[in-house]
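> Take a look at the following structure, please.
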Amino acid sequence: MIPFLKKMPAKSLTLLFGASVIFTQMTIASEENEQAWFKTGKQAIIKKDWETYQTSREKLAESSLLPYLEFYYHQERIEETDPQEVLEFADKHAKEPFSNTLKIVLFRDRERQKNFQFILDNAHFANTLGLKCYLYNAQYQQSTLDLAEFQRSWESNLQLPSNCSNIEEFWLKNNHNQSLVIKKIDELIQAGRITKAKELIATLPESKQAYYNHFIDLLNDPSRLLDTTTFYPDGQALYAKVIQKWSSQNSLKAGRGLQFAKEHDLLTEQDYISLRNRIAVFQAGRNDVVAPLEKILAIPPEERDDQILQWGFRLAAKRGDYPVALALLSNLSPEAQQEDVWRYWLGRTYAEVGDHAQAKHYYELIQNNPSFYGFLAADELQHNYDGITAIANEQQQVITSSLNSRFSMGLLLAKVNEEYFSRLKWREALNNSNKEEQEVGSIVAFEEGFYNLSLQAAARARATGGLPYRYPSAYVPIIEKYSDDFITKPIVLGLIRQESLFHEKAKSPANAHGLMQLLIPTAEKMSSNLDESERESLYNPDANIRYGVTYLHHLQESVGSCIPYILASYNAGPNNVKKWLPNDANSDMDLALWIETIPFYETRGYVKNVLSNAVIYHTLNKDPKRLSEYLNCKVPQTIPTK
């Protein structure tokens, strides 16, 4: 029910009409009424205004939004509605993303009312682990629990939902196979789920509890290993886990712990090699490690993995020792040597040792690739960016597919602010469509202003002429209002694409919000710097971009007028970046090498991605710019301490 002609420019209309794309014959006015009645009905449910709800329901009688409104109604009135009616409704709409949610709400309510027989009578509806836990509880209450069936669920899942805890406790008391519990504890510890592991440890005999509590104590404070006098030779995998965790916290001290473990035969030979290499990689990115390159070179060649070789290269190149750098790169696995990054650095390294023919060979392999290192290779050869230019100039092909009904439903849900259900439906559409249907979905979502959904579909379709949908020039009037000749429009677009993929309502696990993924304290400070009386919502595109660009300028003041430094600071914080800058304030920086030697993997990739995104936006905007132009910075003469 998506009339996707509403905002389409003439070019897109011509394309779609020429392709005879089939669309629902529904007026713009009727669609807007449909959305309005859904929103009215949902508000009526919240206010318990059942008369208005019923009116909305009648108005939506022919709408695909009606089941979603009815879902909210049943959820709100779960205690009053006939439970069998709710189950029949959920079963009727079993393919909709709300179906299992409603069943869980119903089973939870029946359990609360101690109506266990209802759950037992409808056991066939328990098609998810969460629902099965309600079924197990009901069986337990009615003395019909099949412990063998529960055990199968327990064994096949690392951790059961919390509503299975009572049944798990009952099963553990009746379980006579201790090896099952020990196996699960080992799995939980390896997965880092220590709290759950401790619950199970408490069910073991005291001798086994002492064994596992020894390792739990070490995981809580790995440095205690050096003071340990009691050892468990059969706990090699757990000792390896302790040192692995320690290496993430403090690689210098973990190195001492590794030697201690080796001296006391607490590790397998393979675990020792793996952990030694891991620690060497962590130490390679630190400024306070003595001779990190020498530590890597001391590792026997046959025991060096790709990560060790790559970090050895970075350290050698940073030191200017390119013969050693080349020797290390030349031993990368064939798979690694196929990657753009290492082909570029092989070319650079050959150039540094004077073999310009080999350098040219490696540059030419990647010069047309639309990637960070493809662009740098073209710069080294002083060639145009023919690859990305050709892609940007591609013309869209005639489309013969209709708008997939799942895409249509995903868009309709997005229009009524059903963010969660919209994204689930869109993902379902992506997984059940061909490339041409994905292309249509991308075009329609773009024209409706749902740039993130459009980008997802365009990235799947990879259609000819689809680059503007994979790299949407969205929110341009806002960006132009706040960007300038230094923090340019392509940089802001490239950063938004990297941060949120143009998802206005994006929220990260670290509580970063909106298009430019801002933390609330950062946004509060930027709002204050702008003398605003009150900070606006970070889900408001104008506010988010305003605060984000203001923060980029704030970072400019902190780390200097150098885009790579600013981008690295945006991701990792300015204090970290200041640690990574060289001490010589007058040196000409090799910014490509500086980026390659950023210690944080995420930040290293982040800077590369935003810069390559910016180059692509320059190309799309018919304003080509070389990547190397962004890598022309000097070390800042003075760097503020705050």
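> Identify all residues within the range 226-279 that are among the aromatic types (F, W, Y) and without any contact (Cβ under 8 Å) to a residue 24 or more places away in the chain; write none if there are none. Step through it out loud before you land on a result.
At the first step, the residues of the range 226-279 found to be among the aromatic types (F, W, Y) are 231-232, 239, 246, 260, 272.
Across the range 226-279, the qualifying residues are Y232, Y272.
> Can you tell me which residue within the range 113-170, out of those that are under 36 Å from the mean Cα position of the chain (by Cα), small (G, A, S) and open to solvent by 50 Å² or more (accessible area, probe 1.4 Å), is nearest to K183 (Cα to Cα)?
S156
> Kindly indicate whether any position in the range 171-186 is out of contact with any Asp or Glu (no Cβ under 7 Å at 6 or more places or on another chain), open to solvent by 60 Å² or more (accessible area, probe 1.4 Å) and of a type in the set (D, E).
Here is the first cut: in the range 171-186, the residues out of contact with any Asp or Glu (no Cβ under 7 Å at 6 or more places or on another chain) are 171-179, 181-186.
So of that shortlist, the ones also open to solvent by 60 Å² or more (accessible area, probe 1.4 Å) come out as 173-174, 176-179, 183.
Retained after the next criterion (residues that are of a type in the set (D, E)): none.
No, that holds for no residue.
> On the basis of being open to solvent by 60 Å² or more (accessible area, probe 1.4 Å), assigned to a helix (DSSP H, G or I), closer than 22 Å to G605 by Cβ and not hydrophobic (A, V, I, L, M, F, W, C), does Q307 make the cut? Spell out the reasoning first.
Numbers: open to solvent by 60 Å² or more (accessible area, probe 1.4 Å): yes; assigned to a helix (DSSP H, G or I): yes; closer than 22 Å to G605 by Cβ: yes; not hydrophobic (A, V, I, L, M, F, W, C): yes.
So Q307 passes the test.
> Pairs please, first residue from the range 123-145 and over 16 Å from V105 (Cα atoms), second anywhere and acidic (D, E), Cβ atoms under 8 Å, 6+ apart in sequence or on different chains.
Within 8 Å, the pairs are Q139/D146.
> I would also like to ask the following. For the range 340-369, name all the residues that are open to solvent by 60 Å² or more (accessible area, probe 1.4 Å) and either among the β-branched types (V, I, T) or closer than 16 Å to A614 by Cα (or both).
Hit for the range 340-369 is V353, nothing else.
> Out of the residues in the range 370-383 meeting the condition of being in contact (Cβ under 8 Å) with a residue 40 or more places away in the chain and not in a helix (DSSP H, G or I), tell me which one is most open to solvent (accessible area, probe 1.4 Å).
P370
> If you take the residues of the range 21-52 that are within 18 Å of F407 (Cβ to Cβ) and open to solvent by 60 Å² or more (accessible area, probe 1.4 Å), which of them is modelled with the lowest pLDDT?
Going residue by residue through the range 21-52, those that are within 18 Å of F407 (Cβ to Cβ) are 21-26, 31, 34-35.
From what's left, open to solvent by 60 Å² or more (accessible area, probe 1.4 Å): 22, 24-25.
On the way: I22: 39, T24: 43, Q25: 42.
If we take residues in the range 21-52 being within 18 Å of F407 (Cβ to Cβ) and open to solvent by 60 Å² or more (accessible area, probe 1.4 Å), then I22 is modelled with the lowest pLDDT.
> What are the pairs, 6+ residues apart or on separate chains, where a residue within the range 290-304 that is in contact (Cβ under 8 Å) with a residue 12 or more places away in the chain and assigned to a loop (DSSP other than H, G, I, E, B) has its Cβ under 8 Å from a residue that is open to solvent by less than 40 Å² (accessible area, probe 1.4 Å) and polar (S, T, N, Q)?
What qualifies is I299/N277; R304/N277.
> Given the options N511, N540, name the one that is open to solvent by 70 Å² or more (accessible area, probe 1.4 Å) and not acidic (D, E). Explain how you work it out, then say what you get.
Details: N540 fails: open to solvent by 70 Å² or more (accessible area, probe 1.4 Å).
The conditions single out N511.
> Do you know which of the residues in the range 519-541 that are part of a helix (DSSP H, G or I) and under 24 Å from the mean Cα position of the chain (by Cα) is nearest to I479 (Cα to Cα)?
Our first condition is that a residue be part of a helix (DSSP H, G or I); within the range 519-541, this holds for 520-529, 541.
Of the ones still in play, those that are also under 24 Å from the mean Cα position of the chain (by Cα) are 520-523, 541.
Values: I520: 20, P521: 22, T522: 19, A523: 17, P541: 10 Å.
Within the range 519-541, the match that is nearest to I479 (Cα to Cα) is P541.
> Return the residue satisfying two criteria in turn: it lies in the range 404-432 and is surrounded by fewer than 21 Cβ atoms within 10 Å (Cβ to Cβ) and among the hydroxyl-bearing types (S, T, Y), and of such residues it is farthest from Q43 (Cα to Cα).
Ranking the qualifying residues of the range 404-432, first place goes to S405.
> Pick out the one residue from A458, A474 that is under 22 Å from the mean Cα position of the chain (by Cα), free of Cβ contacts under 8 Å to residues at least 60 places away in the same chain, farther than 14 Å from R406 by Cβ and assigned to a loop (DSSP other than H, G, I, E, B).
Step by step, each of A458, A474 is checked, and only A474 is under 22 Å from the mean Cα position of the chain (by Cα), free of Cβ contacts under 8 Å to residues at least 60 places away in the same chain, farther than 14 Å from R406 by Cβ and assigned to a loop (DSSP other than H, G, I, E, B).
> For E437, are the conditions met, namely being of a type in the set (D, E), closer than 21 Å to H93 by Cβ, crowded, with 17+ Cβ neighbours inside 10 Å and out of contact with any helix residue (DSSP H, G or I) (no Cβ under 6 Å at 6 or more places or on another chain)? Before you say what the answer is, go through the steps one by one.
Working: of a type in the set (D, E): yes; closer than 21 Å to H93 by Cβ: no; crowded, with 17+ Cβ neighbours inside 10 Å: yes; out of contact with any helix residue (DSSP H, G or I) (no Cβ under 6 Å at 6 or more places or on another chain): yes.
So E437 fails the test.
> Just the residues that are of a type outside the set (S, T, Y) and under 28 Å from the mean Cα position of the chain (by Cα), please, taken from the range 340-367.
So the first thing to find is which residues in the range 340-367 are of a type outside the set (S, T, Y), and the list is 340-343, 345-348, 351-361, 364-367.
Selection gives D340, V341, W342, R343, W345, I366.
The values are calculated or read from the model by the stated rules, or taken from the named source; none is laboratory data. Worth saying up front: this structure is predicted, and the values here are computed from it rather than measured. Cβ: placed from backbone, ideal geometry, glycine included. Neighbour counts: every protein chain shown. Just the protein is used for accessible areas: all its heavy atoms, side chains included, with ligands, DNA and RNA removed. Shrake-Rupley method; radii C 1.70, N 1.55, O 1.52, S 1.80 Å.
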